[in-house]
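J.: The structure under discussion is supplied below as structure tokens; questions concerning it will follow.
The values are calculated or read from the model by the stated rules, or taken from the named source; none is laboratory data. Note that the structure is predicted; figures quoted are calculated from it, not measured. Methodologically, a virtual Cβ is constructed for each residue, glycine included, from the backbone with ideal geometry; neighbour enumeration extends over all protein chains shown.
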Amino acid sequence: MPSVAIKSMREIGLMREAGQIAAATLVEVDKMIRPGITTEAINTFVHEDTLRRGARPAPLNYRGFPKSVCTSRNEVVCHGIPNDQEVLEPGDIINVDVTSIYNDFHGDTSATFYIGDPSPEAKHVVEVARRSLELGIATVRDGSRIGDIGAAIQEFAEGQGCSVVRAFVGHGIGRIFHEDPQVPHYGRRNSGFRLKAGMTFTIEPMINLGGYEVDVLDDDWTAVTRDGSLTAQFEHTLVVTKRGCELLTKRPEPLKNSERFDMKW
Ligand code: MF3
Ligand code: CO
Ligand code: CO
């Protein structure tokens, strides 16, 4: 059994501030992202916006990661490295994953953005990923179990003809970027350890249009779908409460380049 910290009210207040900074930066990314820019430009923007808010970008130098944000485009599942050769093209989908450190605590949140008009397939995988996160979040309360989250996500995503990545999971978060518990996005209802009010963790399902297998490129970071299919991801940091949970990275406003479509599931 993992040992999972229960944060105090004071610590949760500090984490809320960190989460709100990450969320605000993601909203600003939404306002600058467009066809023709490079992922390096997103990195520069996130780096500077984070510092302006008095925070630090957690990815930079984390286990050797060379940039301040992860930018994962089309078949890149996660941990894409921004660079000045990669230009956003109309029809792309791209996840931007922002993690800020403020008050010594981490706030971790991501969204997948549409660049121009998405293909029906791109729209499908992005909207399945968005809904998967919502359904996972909806299971969380004091006394629910870690397996309830993954079961809700897996059942929905597979029912929509998509697959759930196994190789990367959500994670406990606090003063440490990745701590216990591990939060799989697949699993069985009523299994795994019990959640308690005051636990803080992320849910961040990676949903593929094809198979769930991934490969990591020679840069030791970039994870891609093995079959080259499109993939999408959304992430929130949350705290478990008596009756549900609070999203610490709740956005101050909707994302115009992501929240464009209202699906009737
Ligand atoms: N933000 C990612 C997550 O959701 C982790 C990125 S680690 C990095 O857990 F080093 F690539 F930044
Ligand atoms: Co995370
Ligand atoms: Co993240």
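J.: For the subset of segment 129-152 comprising residues that are more than 14 Å from the chain's Cα centre (by Cα) and hydrophobic (A, V, I, L, M, F, W, C), which member is surrounded by the most Cβ atoms within 10 Å (Cβ to Cβ)?
T.: This residue is Ile149.
J.: Filter segment 221-234 for residues that are surrounded by fewer than 17 Cβ atoms within 10 Å (Cβ to Cβ) and touching a residue at least 60 places away in the same chain (Cβ under 8 Å) and give the result. Give the derivation first.
T.: At the first step, the residues of segment 221-234 found to be surrounded by fewer than 17 Cβ atoms within 10 Å (Cβ to Cβ) are 226-228.
Answer for segment 221-234, where residues must be surrounded by fewer than 17 Cβ atoms within 10 Å (Cβ to Cβ) and touching a residue at least 60 places away in the same chain (Cβ under 8 Å): just Gly228.
J.: Scan the strands (runs of 3 or more DSSP E) fully inside segment 198-265 and keep the ones with 1 or more residues being away from ligand 1 (no atom under 16 Å from the Cβ), within 18 Å of the chain's Cα centre (by Cα) and within 27 Å of Ala24 (Cβ to Cβ). Explain how you work it out, then say what you get.
T.: On the way: elements: 200-203, 206-208, 214-216, 223-225, 231-233, 236-240, 245-247.
Qualifying strands (runs of 3 or more DSSP E): 236-240, 245-247.
J.: Among the residues of segment 31-83, which ones are among the hydrophobic types (A, V, I, L, M, F, W, C), within 12 Å of ligand 3 (Cβ to nearest atom), within 19 Å of Val216 (Cα to Cα) and crowded, with 20+ Cβ neighbours inside 10 Å?
T.: Answer for segment 31-83, where residues must be among the hydrophobic types (A, V, I, L, M, F, W, C), within 12 Å of ligand 3 (Cβ to nearest atom), within 19 Å of Val216 (Cα to Cα) and crowded, with 20+ Cβ neighbours inside 10 Å: Val69, Cys70, Cys78.
J.: Same structure again: Of everything in segment 164-174, what is assigned to a loop (DSSP other than H, G, I, E, B) and within 16 Å of ligand 3 (Cβ to nearest atom)? Give them in sequence order. It would help to see each step written out before you state the result.
T.: Of segment 164-174, the ones assigned to a loop (DSSP other than H, G, I, E, B) are 165-169, 173-174.
Val165, Ala167, Phe168, Val169, Ile173, Gly174 - these are the residues of segment 164-174 that are assigned to a loop (DSSP other than H, G, I, E, B) and within 16 Å of ligand 3 (Cβ to nearest atom).
J.: Applying the selection to segment 87-120, what residues are under 17 Å from Pro205 (Cβ atoms) and away from ligand 2 (no atom under 14 Å from the Cβ)?
T.: Ile93, Ile94, Thr112, Phe113
J.: Further question on the same structure: Among the candidates Gly136, Gly161, single out the residue that is part of a loop (DSSP other than H, G, I, E, B), in contact with a helix residue (DSSP H, G or I) (Cβ under 9 Å, 6 or more places away or on another chain) and at pLDDT 95 or above. Spell out how you get there, then give the answer.
T.: Details: Gly136 fails: part of a loop (DSSP other than H, G, I, E, B).
On inspection, the qualifying residue turns out to be Gly161.
J.: Still on this model: Condition check: surrounded by fewer than 23 Cβ atoms within 10 Å (Cβ to Cβ), in contact (Cβ under 8 Å) with a residue 60 or more places away in the chain and β-branched (Val, Ile, Thr). Does Ile115 satisfy that?
T.: On the way: surrounded by fewer than 23 Cβ atoms within 10 Å (Cβ to Cβ): yes; in contact (Cβ under 8 Å) with a residue 60 or more places away in the chain: yes; β-branched (Val, Ile, Thr): yes.
Answer is yes for this residue.
J.: Go through (1) under 30 Å from Glu213 (Cβ atoms); (2) surrounded by fewer than 20 Cβ atoms within 10 Å (Cβ to Cβ); (3) over 19 Å from the mean Cα position of the chain (by Cα) for Asp92 and report which single condition fails.
T.: Here Asp92 clears every test but (3).
J.: Looking only at residues in segment 57-76 that are outside any loop (DSSP other than H, G, I, E, B) and within 13 Å of ligand 2 (Cβ to nearest atom), which one is farthest from Pro35 (Cα to Cα)? Talk me through it step by step, then tell me what you get.
T.: Going through segment 57-76, the residues outside any loop (DSSP other than H, G, I, E, B) turn out to be 57, 62-64, 70-73, 76.
Those left that are additionally within 13 Å of ligand 2 (Cβ to nearest atom): 62, 70, 72.
Working: Tyr62: 29, Cys70: 18, Ser72: 15 Å.
If we take residues in segment 57-76 being outside any loop (DSSP other than H, G, I, E, B) and within 13 Å of ligand 2 (Cβ to nearest atom), then Tyr62 is farthest from Pro35 (Cα to Cα).
J.: Testing Glu204 on (1) surrounded by fewer than 17 Cβ atoms within 10 Å (Cβ to Cβ); (2) closer than 15 Å to Val169 by Cα; (3) among the acidic types (Asp, Glu), one condition comes back false. Which one is that?
T.: (1)
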